[in-house]
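The values are calculated or read from the model by the stated rules, or taken from the named source; none is laboratory data. If you're wondering where the values come from, they're calculated on a predicted model, not measured in any experiment. Methodologically, a virtual Cβ is constructed for each residue, glycine included, from the backbone with ideal geometry; neighbour enumeration extends over all protein chains shown.
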Amino acid sequence: MREEIVIAGFGGQGIMFTGSLLAQGAMLEGLQVTFFPSYGAEMRGGTANCSLIISDEEIGSPVVAHPSSCLVLNQPSLDKFEERMREKGLLILNSSLVDKGVERKDLEIAEVPATEMAIKLGNVKVANMIALGAYLKKSKIIPLKSIIKSLPKILGEKKKNLLEINEKALEKGSELVK
């Protein structure tokens with residue numbers, strides 16, 4: 001098994017947090033992981049993406065040229081990564097912020113109103129967790145419980161008050177897809 005993933009959106013949407021959490025959850029499952037962050041010119045508000053490789057075998061390079069899965073949280077990220085995806089790849093799309101449809105017909109697409117659902121949960125900043133919950137349900141790459149178990153380590157002591165809302169958002173994202 002080898003999954004090459006890109007998570008992309010605006011700076012401030014928790015892109016790196018999502019990637020770190022997914023990497024930690026995969027390591028908890030005993031899998032090999034690479035994590036490679038990439039920031040745009042500006043931090044908050046600029047573009048941000050990270051790539052991960054999760055595998056049950058040794059990984060030779062962290063480079064993800066053609067992802068098998070993408071979690072796309074905004075329109076510029078869809079514009080950037082749609083064409084790079086592998087045929088029959090999985091695209092998790094934040095339909096709250098992507099106003100143009102996907103042009104490719106060879107992708108499995110899960111449209112999730114992540115920002116809208118995050119607002120309903122009471123914190124717009126958990127849209128990333130809604131998208132991640134949807135991805136975990138569709139991909140079945142690692143169990144949701146491993147991500148939830150990894151939350152305290154990635155959030156740290158200073159942000160432990162955010163454990164509950166992040167867990168709720170992960171579960172909501174999982175419920176949104178079939």
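A few remarks follow.
- Only listed residue being closer than 18 Å to Cys50 by Cα and either part of a helix (DSSP H, G or I) or in contact with a Pro (Cβ under 6 Å, 6 or more places away or on another chain) (or both), chosen from Lys125, Lys149: Lys125
- Cβ-Cβ under 8 Å pairs, at least 6 apart or on other chains, the range 119-133 side in contact (Cβ under 8 Å) with a residue 12 or more places away in the chain, far side of a type in the set (Asp, Glu): Gly133/Glu171; Gly133/Glu175
- Restricting the search to strands (runs of 3 or more DSSP E) fully inside the range 1-120 and requiring at least 3 residues that are surrounded by fewer than 23 Cβ atoms within 10 Å (Cβ to Cβ), modelled with pLDDT of 95 or more and more than 14 Å from the chain's Cα centre (by Cα) gives 32-39.
- Options Ser146, Ser77, Ser174, Ser96; residue that is under 16 Å from Gly9 (Cα atoms) and either free of Cβ contacts under 8 Å to residues at least 40 places away in the same chain or touching a helix residue (DSSP H, G or I) at 6+ places or on another chain (Cβ under 7 Å) (or both): Ser96
- The listed residues are Ser61, Ser51, Ser96, Ser68, and the only one of them that is more than 24 Å from Met129 (Cβ to Cβ) and among the hydroxyl-bearing types (Ser, Thr, Tyr) turns out to be Ser61.
- Residue in the range 54-62 that is more than 23 Å from Asn166 (Cβ to Cβ) and of a type in the set (A, V, I, L, M, F, W, C) present: yes
- Residue count, the range 122-136 (criterion: more than 14 Å from Cys70 (Cβ to Cβ), among the hydrophobic types (A, V, I, L, M, F, W, C) and surrounded by 19 or more Cβ atoms within 10 Å (Cβ to Cβ)): 5
- Entry remark, the range 103-118: residues being without any contact (Cβ under 8 Å) to a residue 60 or more places away in the chain, hydrophobic (A, V, I, L, M, F, W, C) and within 23 Å of Ser55 (Cβ to Cβ) number 1 in total.
- Residue under evaluation Lys159, criteria (1) crowded, with 20+ Cβ neighbours inside 10 Å; (2) closer than 24 Å to Ser38 by Cα, criterion not met: (1)
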